[in-house]
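Read the structure below first, then the notes.
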Amino acid sequence: MVMMMGVLCAVLLMSCVLLIRAQVEICSQCPGNLRNGSEVARLCTETSEAEVVGRCCVKPPRGDIIGLDLWNCSISSLDSGLHLTAAIAVMDLSQNPLQELRQQFFHGLTGLRYLALPVNISCPGGNESWGSVERRLDAWICQDQQSTCNVTGDVAVLCPENSLCAPDGPGYTQCVCAAGFSGYKCMREGSFPTLMFFGILSSVTVTLSILLWCTQRRKVKSL
């Protein structure tokens, strides 16, 4: 059991290290420091314990990026490896030669409340996904992300029984199980068996690790 927990902790630690490394690369993608007076700089000033890292505003202790300023970075496309989370609140992508921006890029960014885009790219999710949409000379400004769970018509969200609609980023929704239900289409009554799930996952991980170690060691000895 101790060995299983050790392997699981090692996997989680490696994942955190890779995520932090990816975030550092995002913050240093553009030369120069964070612009004084920008929305990201203002966010960092107003947020307790937040600190500036390159072009980012980062919130300890996990180092989540809550603000990202890629203004005027000569970016023609966004790297699919950008690992942003729901913690991000402000993002500035304006003054860049972006030709298109995939809607999927904003999937899961439920905390995003301010977004600046080049004039040729409209706000993700459409105007109904934002409380305010403003066209300026050099940017589209999308502010105050709105949930589209309560919209009517063709885009109305229909969730199965025992589940509720919840926002999942601008233009995105998800169906989450109501309290006391879990499983496929929330048809299983009772909470998700977390301990059993992670116990099985840890056992499979340890077994595969031992099998791979023995197999590779045998190959090394035969050389």
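The values are calculated or read from the model by the stated rules, or taken from the named source; none is laboratory data. Since the structure is predicted, the reported quantities are computational estimates derived from the model, not experimental observations. Note: ideal-geometry Cβ built from the backbone for every residue, glycine included; neighbour counts use all protein chains shown. To get the accessible areas, we keep the full protein, side chains included, count just its heavy atoms, and leave off ligands, DNA and RNA. Shrake-Rupley method; radii C 1.70, N 1.55, O 1.52, S 1.80 Å.
Listed here are the residues, each with its yes/no results for (1) touching a Leu at 6+ places or on another chain (Cβ under 6 Å); (2) buried (at least 16 other Cβ atoms within 10 Å of the Cβ); (3) part of a loop (DSSP other than H, G, I, E, B).
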position	(1), (2), (3)
Leu98	no, yes, yes
Leu101	no, yes, yes
Ala116	no, yes, no
Val119	no, no, yes
Pro124	no, yes, yes
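Please work out which one of (1) open to solvent by 40 Å² or more (accessible area, probe 1.4 Å); (2) in contact (Cβ under 8 Å) with a residue 24 or more places away in the chain is the condition Gly131 fails and give its number.
(2)
If the Cβ limit is 6 Å and pairs must be 6+ apart or interchain, which residue in segment 177-189 that is at positive phi pairs with which residue that is in a strand (DSSP E or B)?
From residues that are at positive phi, the pairs are Cys186/Ser163; Cys186/Cys177.
For segment 27-62, name all the residues that are open to solvent by less than 80 Å² (accessible area, probe 1.4 Å) and of a type in the set (A, V, I, L, M, F, W, C).
Correct list: Cys27, Cys30, Leu34, Val40, Ala41, Leu43, Cys44, Ala50, Val53, Cys56, Cys57, Val58.
How many residues are closer than 19 Å to Val90 by Cβ and open to solvent by 60 Å² or more (accessible area, probe 1.4 Å) if we restrict to segment 141-166?
Summing the residues that are closer than 19 Å to Val90 by Cβ and open to solvent by 60 Å² or more (accessible area, probe 1.4 Å) in segment 141-166 gives 2.
So which residues in segment 104-114 are within 18 Å of Ala166 (Cα to Cα) and open to solvent by 10 Å² or more (accessible area, probe 1.4 Å), if there are any at all?
Result: Gln104, His107, Gly108, Thr110, Gly111, Arg113.
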